[in-house]
Amino acid sequence: MDWGLQNRLNRMFSIASHNSVMLAVDHGYFMGPTRHLENARATIAPLLPHADALALTRGILRHAVEPTTSTPIVLRVSGGATILKDDLSHEALTTSMEDAVRLNVSAVAMSVFVGAPHEHESLIHLAQLVDQGEEYGVPVMAITAVGKELEKRDARYLALACRVSAELGAHLVKTYYCEDFGKVVEGCPVPLVVAGGPKLDSDRAALDLARNAIDEGAHGIDMGRNIWQSDHPVAMLKALRAIVHDKATVREALDLLEAEKAHPSPRASAATA
Ligand code: 5RP
């Protein structure tokens, strides 16, 4: 692996734990102003110091994040469909590698739609993006199973989607936790991070998900709604960090969450940041 590419990858992962806590705020590219992400700047600001990387589009990066940040950026570079259409798989590359380099990002990310109507295009786009990433030293993260494909979120499907992504050259893969997640890990030769999916019933459920994913071989999380749609987003992010980096049990993470709730970081204080 080229030095620059390896260096960018290393920025996002802890040297001690080999894991990463990525904060995903890229949902607006197909969902619009999702609940609690209407004002992206206000949502991101209090969370940013606690994230190992921030995943978003170039529009929100330029408008909602100060260029003084030292947090590594994972830039979503695919899009072209919205929740108003039945077929979310009709995506293409929406951002050039030159712009990604101009933005000094640590990785680029795109969705792959295995089994969906535009499977072929998304896989070819992934291969092309990897060619560009190798040329410029920028790691590529493949994102499996978004939108309607979520319904097929079992180990057999996710193992296929993750392996295909790695075979096409993805340097890391974002996927979903599922029963028998170890089989997904086993078949994927590059690091996996897990998304949280739609907001779960409780903070505890999201902590359980993270604990199980790490125990079964994930190298971290790339989580959005279960953090910033929580009533206590900063506390939640800190509790997730304890799980991902510090081997905390879910009980210990919940205790940390409760302690952090006693010293809340109000959402509103970020609006002016
Ligand atoms: C949206 C994405 C999200 O980044 C991913 O789903 C993680 O966010 P969440 O934890 O809310 O699912 O890829 O297309």
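The values are calculated or read from the model by the stated rules, or taken from the named source; none is laboratory data. Note that the structure is predicted; figures quoted are calculated from it, not measured. Positions of Cβ are generated from backbone atoms using ideal geometry, with glycine treated the same way; all protein chains shown enter the neighbour counts.
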Residue check for Ser106: among the polar types (S, T, N, Q), touching a Lys or Arg at 6+ places or on another chain (Cβ under 6 Å) and either buried (at least 19 other Cβ atoms within 10 Å of the Cβ) or more than 16 Å from Gln6 (Cα to Cα) (or both): yes
Among the residues of the range 237-253, write down those that are surrounded by fewer than 16 Cβ atoms within 10 Å (Cβ to Cβ) and in contact with a helix residue (DSSP H, G or I) (Cβ under 6 Å, 6 or more places away or on another chain). none
Some residue of the range 3-19 being under 23 Å from Ile214 (Cα atoms), within 15 Å of the ligand (Cβ to nearest atom) and surrounded by 21 or more Cβ atoms within 10 Å (Cβ to Cβ): yes
Among all residue pairs at least 6 apart or on different chains, which show Cβ distances below 8 Å where the first residue, located in the range 70-92, is hydroxyl-bearing (Ser, Thr, Tyr) and the second is assigned to a strand (DSSP E or B) and surrounded by fewer than 20 Cβ atoms within 10 Å (Cβ to Cβ)? Ser78/Ala92; Ser78/Leu93
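Looking at the range 101-124, can you tell me whether even one residue there is hydroxyl-bearing (Ser, Thr, Tyr) and farther than 26 Å from Ala64 by Cβ? So that I can check it myself, show each step before the final result.
Looking only at the range 101-124, we keep the residues that are hydroxyl-bearing (Ser, Thr, Tyr), and these are 106, 111, 122.
Checking which are farther than 26 Å from Ala64 by Cβ leaves us with 122.
Checking the range 101-124: at least one residue is hydroxyl-bearing (Ser, Thr, Tyr) and farther than 26 Å from Ala64 by Cβ.
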Filtered residues of the range 204-227 (kept if touching a residue at least 60 places away in the same chain (Cβ under 8 Å), assigned to a helix (DSSP H, G or I) and away from the ligand (no atom under 13 Å from the Cβ)): Ile214
Hits in the range 165-183 (condition: free of Cβ contacts under 8 Å to residues at least 60 places away in the same chain and either assigned to a strand (DSSP E or B) or away from the ligand (no atom under 16 Å from the Cβ) (or both)): Ala166, Glu167, Leu168, Gly169, Val173, Thr175, Tyr176, Glu179, Asp180, Gly182, Lys183
Which of the residues spanning the range 228-240 are within 15 Å of the ligand (Cβ to nearest atom) and in contact (Cβ under 8 Å) with a residue 40 or more places away in the chain? Trp228, Gln229, Pro233, Leu237, Leu240
Is it true that Ala142 is within 16 Å of the ligand (Cβ to nearest atom), modelled with pLDDT of 95 or more, part of a loop (DSSP other than H, G, I, E, B) and on the phi < 0 side of the Ramachandran plot? no
Pick from Glu216, Glu252: which is modelled with pLDDT of 95 or more, among the acidic types (Asp, Glu), under 21 Å from Met141 (Cα atoms) and out of contact with any Lys or Arg (no Cβ under 7 Å at 6 or more places or on another chain)? Glu216
Set Val101, Val77, Val108: member being away from the ligand (no atom under 15 Å from the Cβ), touching a helix residue (DSSP H, G or I) at 6+ places or on another chain (Cβ under 9 Å), farther than 18 Å from Gly197 by Cα and of a type in the set (Val, Ile, Thr): Val101
Return the residues of the range 183-204 that are among the small types (Gly, Ala, Ser) and out of contact with any helix residue (DSSP H, G or I) (no Cβ under 8 Å at 6 or more places or on another chain); say none if nothing qualifies. Ala195, Ser202
